[in-house]
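The values are calculated or read from the model by the stated rules, or taken from the named source; none is laboratory data. On a predicted model such as this, the values are computed, not experimentally measured, just so you know. Here the Cβ positions follow ideal geometry from the backbone for every residue, glycine too, while neighbour counts run over all protein chains shown. These area figures cover heavy atoms from the full protein model, side chains too; ligands, DNA and RNA do not enter into them. Shrake-Rupley method; radii C 1.70, N 1.55, O 1.52, S 1.80 Å.
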Amino acid sequence: MVEVEGSDSYLIRPNHQHKFKPTIVKEYIHEILRERLSGVLYDPESVPELTRSLAEAVKDKVKNAGFDKYKLIVQVIIGEQRGQGVKMSSKCLWDADTDNYAADVFMNESLFCLVAVFGSYYY
């Protein structure tokens, strides 16, 4: 817990400027995906490394956004674009006042990529 300077109380909620903001995180995801995947062809041999590097890039960008005391979980899914439909779902237990998520999808002629970032406040 973070002690409030000059008082005997503790913060159990983030102040507004440090709260996880899905719209900002979605912009970060969109920017990274467009930058790193435009013109990339699907190659099953390179997908594992590409997935890891995208997850690290997104995590680093979101970490530097100042969402103090948030545990970040980044999930990246890459698949070959064949006109198929794909659905993804997630379940978790969290505090609706402090925790949130952001997601974005990138598609080109060869592949699709879905990135989800979950921010869970660490008390």
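Taking each DSSP H run with n ≥ 4 as -39500 (n - 2.57) and averaging over every residue of the chain yields -9000 deg cm²/dmol at 222 nm. Full extension of the segment from Lys26 to Tyr122, taken as 0.36 nm per residue of separation minus the current Cα-Cα distance, would add 32.5 nm.
Would you kindly work out the equivalent ellipsoid of the stretch 45-110 from its C-alpha gyration tensor and give its semi-axes, the square roots of five times the eigenvalues, largest first in whole Å?
Taking √(5λ) for each eigenvalue gives 26, 17, 10 Å, largest first.
Computed from the C-beta positions of Ile77 and Arg13 and an R0 of 30 Å, the FRET efficiency is 0.40 to the nearest 0.05. Full extension of the segment from Asn108 to Met88, taken as 0.36 nm per residue of separation minus the current Cα-Cα distance, would add 5.3 nm.
log₁₀ I(q)/I(0) of the chain at q = 0.16 Å⁻¹, via Debye over equal Cα point scatterers, no solvent, to two decimals? Listed by q, the Debye log ratios stand at -0.79.
The figure for Ser46 is an accessible area of roughly 50 square angstrom, using a 1.4 Å probe on the protein chains alone.
If only the Cβ of Lys and Arg carry +1 and only the Cβ of Asp and Glu carry -1, the dipole of the chain around its Cα centre is close to 260 debye.
Here the stretch 79-123 is treated with +1 on each Lys and Arg Cβ and -1 on each Asp and Glu Cβ, and its dipole about the Cα centre works out to around 220 debye.
Take 62-70, 78-86 and order them by the average number of nearby Cβ atoms within 10 Å per residue, most first; the result is 62-70, 78-86. The largest accessible area among Thr98, Thr23 belongs to the first residue in Thr23, Thr98, and the rest follow in falling order (1.4 Å probe, all chains).
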